[in-house]
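Shown next, in structure tokens, is the structure this report addresses.
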Amino acid sequence: MGFVVREAEMPILPAGRNPIRILHFSDLHLTPDRKREISDIKSFIQLEPDLVISTGDFLGSIDAVPIALDALDELLDIPGLFVFGSNDYFAPRLKNPLSYLTPDHGKRIHGEPLPWHELAEGLTHRGWRNLNFSRALLSVNGNIIEARGTDDAHLNRDDYSLVAGQPDSTADIAIGVTHAPYLRVLDAMRDDALDAIFAGHTHGGQVRLPWIGGSRALTTNCDLPTWRARGLTRFGKEPWLNVSAGMGTSPYARIRVASPPEVSLVTLTASG
């Protein structure tokens, strides 16, 4: 197994409810030559999730849609939620990796457009819910979940106003799904009293330095503080935030230091 399973627990379900095992993955950046990663993705089914959440960047090349759908085939039989990231819309291009450490002025270098419509159709045809600009209700293990999402904030495609509002009164819990965890998105979801948020994009920092008690990310490639670059965190009474450090990398920067490929297995349990 070439990846880490980061396990965590969120005590947000009503008392007495059955737990929910959520497989949260992100940033596959798949290309046809990523044979090891494809095999790892196929093995995710062994984690026996009740719900799957993908926070985007499935693709790494124009030929990757059938590769991604094949790798995810068995998981597509399980209830799933997804949003897209920038690399689902545009192929990566060669750039100076040190630019990630400089202030973000909103300038983006895009490669060729990718067939994201085909990916969306393939995922929704199998039953996964597209949360880019939408809300959905689903039942998992006897729990009613309201889920809402935004398109990629890194490309300024997010418009939270399209899904804003208090959670559905019939829902037991409400969760948010977004690719890049920009604070404007997290704050809007907090203001609507969501219970939890799932995001990706950061690669856990991708390159981390040794630090007291472990390692520290140099960047999150957005305005999220670096201490929240991966894993489950919570600040005060805000929603729980789970950031997946992701499985892949850009084909032009295939290096991860102290931030191995990973997926999250988050178990929702009863509060109290």
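Bear in mind that the values in this text are calculations on the coordinates, not laboratory data. What you see is a predicted model, and the numbers here were worked out from it, not measured in a lab. We place every Cβ from the backbone using ideal geometry, glycine too, and count neighbours over all the protein chains shown.
Tabulated values for the structure
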| quantity | calculated |
| --- | --- |
| Most fluctuating residue given options LEU28, LEU209, LEU72, as computed from a GNM of the chain linking Cα atoms under 10 Å | LEU209 |
| Loop sites in segment 232-272: trypsin sites (Lys or Arg not before Pro), DSSP, at most 16 other Cβ within 10 Å | ARG234, LYS237, ARG254 |
| Relative contact order of segment 197-272, defined on C-alpha pairs under 8 angstrom at six or more residues apart (%) | 35 percent |
| Under-5 Å amide H pairs with HIS201, H placed in peptide plane, nonlocal only | ASP27 |
| Residues of segment 9-35 with amide N under 16 Å of a point placed 7 Å along Cα→Cβ from SER169 | none |
| Listed residues ARG184, ARG135, ARG21, most fluctuating in the chain (Gaussian network, C-alpha, under 10 Å) | ARG184 |
| GLU238, GLU262, GLU112 arranged by Cβ crowding within 10 Å, fewest neighbours leading | GLU112, GLU238, GLU262 |
| Share, in percent, of DSSP beta bridges within the chain that are antiparallel, nearest 5 | 35 percent |
| Ranking of ASP73, ASP158, ASP27 by count of other Cβ atoms within 10 Å, fewest first | ASP73, ASP158, ASP27 |
| DSSP loop chymotrypsin sites (Phe, Trp or Tyr not before Pro) with at most 16 other Cβ within 10 Å excluded, longest remaining stretch of the chain | 1-234 |
| Relative contact order, percent, segment 51-204 [alpha-carbon distance under 8 Å, six or more residues apart] | 23 percent |
| The chain: DSSP helices with Cα axial extent of at least 30 Å and average Kyte-Doolittle hydropathy no lower than -1.0 | none |
| Other-chain or far-sequence residues with amide H under 5 Å of LEU81's (modelled H) | VAL52, ILE53, SER54, ARG129 |
